[in-house]
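The structure appears right after this line, and notes come after that.
Here, each number is a calculation from the coordinates, and none is a lab measurement. What you are looking at is a predicted structure, and each value in this text was computed from that prediction instead of being measured. FYI the Cβ positions are ideal-geometry reconstructions off the backbone, even for glycines, and counts take in every protein chain you see.
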Amino acid sequence: MPEHAAAGLHGAIGAMNTLRVQIQDAAKRIKRLGESAQQMGELAVLAADLAEQAQVLALNVAIQAAPANASGQGLATVAGEAQRLAVRSADAARLVAGLVQALQSDTHDAAASMERATQGVVAGARLLDRLAASSPVPSPTEPT
């Protein structure tokens, strides 16, 4: 095999190894994104729980204010506002939960894609290594 072909083969092996390392680094970053998405999902569940508790509290205040006279009217108004806020909070929590689920799904898909790419690069590097080993090609560090 001509010397320029040998250099090209060894260059390809080096490039494949560099690509493998870069893909593995990207896969680690995607994994961390997935972990962050999981934590965000837990926070969305907490927000939904808090919104539900706020709704119950607003309902209890409204019940307590119902038999009261004029002073209870102000309390009933506050309870109504608290109820509306609780409903909006619950809606926002559901929206966040949906976005987090989509993020988790996309992150999982990206991680799987990166794993497949890594496997492809490793297979390509092995093929190039076998080709280099079976050819009478001196490595760049060997004397010619």
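Determine which member of the set GLY120, GLY98, GLY34 is assigned to a helix (DSSP H, G or I) and in contact with a helix residue (DSSP H, G or I) (Cβ under 8 Å, 6 or more places away or on another chain).
Numbers: GLY120 fails: in contact with a helix residue (DSSP H, G or I) (Cβ under 8 Å, 6 or more places away or on another chain); GLY98 fails: in contact with a helix residue (DSSP H, G or I) (Cβ under 8 Å, 6 or more places away or on another chain).
Testing whether each residue is assigned to a helix (DSSP H, G or I) and in contact with a helix residue (DSSP H, G or I) (Cβ under 8 Å, 6 or more places away or on another chain) leaves just GLY34.
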- Task: Kindly indicate which of THR77, THR18 is free of Cβ contacts under 8 Å to residues at least 12 places away in the same chain, in a helix (DSSP H, G or I), closer than 30 Å to VAL122 by Cβ and of a type in the set (Val, Ile, Thr).
- Result: THR18
